[in-house]
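The values are calculated or read from the model by the stated rules, or taken from the named source; none is laboratory data. Values in this document were obtained by computation on a predicted structure and should not be read as measured data. Neighbour counts are summed over all protein chains in view; Cβ atoms, including those assigned to glycine, are modelled from backbone coordinates with ideal geometry. Areas reflect the complete protein model, heavy atoms only, side chains present, ligands, DNA and RNA absent. Shrake-Rupley method; radii C 1.70, N 1.55, O 1.52, S 1.80 Å.
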Amino acid sequence: DIFKNETAGIASYITADVPPMFDIYQNKIYLNRGAGIFVQSGTTGGIGISNNMVYNNYRGGIGIGLLDEPGSDLVDTEIYHNTIVANGSDLQGAGIRNDSRGDVIIKNNIIAFNYATGIMTLGCRNNSYNLLFANGETSNTRAESTNNLSFLIDKIQYAGCSGRQWGDILAPPLFVNPDRYNFALQDNSPARNAADTINAPYFQSLPGNDIGAAPVTFLPGRIRNEHGPHGL
């Protein structure tokens, strides 16, 4: 568990010529005053930022890169199978925000009830098979359109791209008991058996094929840094 830190829960804030290589997985990250996870620069290995429960963080769920800052093009990151709920308190409060110029893949995540929007990116070509629901309902994006309800829903869930991507689901995730932070899926959840297959050993070892974090998330967490002094 990573919680109640004054800035981000986990941060990689490096501007070296060789960005750090890391995987962040199987963590519960909550009640931090920055983002749950923030990566200015770095490259993920065979697991990526995966199977984390990220909820109730002040600045947002997962943040990648700083707009127009050094190192913003040094982010090649995979974001898979996370459950990202109720993060943010201002315009930075997206479930996942990507301001980098790197190659960032966002797939098989549940992103729900985040303050500003679900996914805020510079483009959506690497986004797919995410479930988004009830993001941005407290922001002023709701007032941008009142005539086309389908556009309004997409606008709340996405910022920086035209709308839903291949395999995306816009529907309630049907958590078992979100009021008590139990984000396991009910049997009739639309996220059940709806994920895209990821052909890597770690993901093949997980039970089921559900969007969001797998039950293995509740085991002890892992942070692996493969470049020594470039710590997390």
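Accessible surface for Asp196 stands near 50 Å², nearest 10, in the context of the full protein assembly shown (1.4 Å probe).
Accessible-area rank, largest first, for Glu137, Glu78, Glu6: Glu6, Glu137, Glu78, with all protein chains present and a 1.4 angstrom probe.
Please list 182-190, 32-40, 119-127 highest first by mean number of surrounding beta-carbon atoms within 10 Å per residue. Write down the numbers at each step before the final one.
Details: 182-190: 15.1, 32-40: 25.4, 119-127: 19.2.
Put in order of decreasing packing, that is 32-40, 119-127, 182-190.
Computed with a 1.4 Å probe over protein heavy atoms only, the accessible area of Tyr55 comes to about 20 Å².
Please list Leu31, Leu66 from largest to smallest accessible area, probe radius 1.4 Å, with all protein chains kept in place.
Most to least solvent-accessible, the answer reads Leu31, Leu66.
Compared with the rule-of-thumb size 2.2 N^0.38 Å for a compact globular protein, region 151-198 has a Cα radius of gyration ratio of 1.36.
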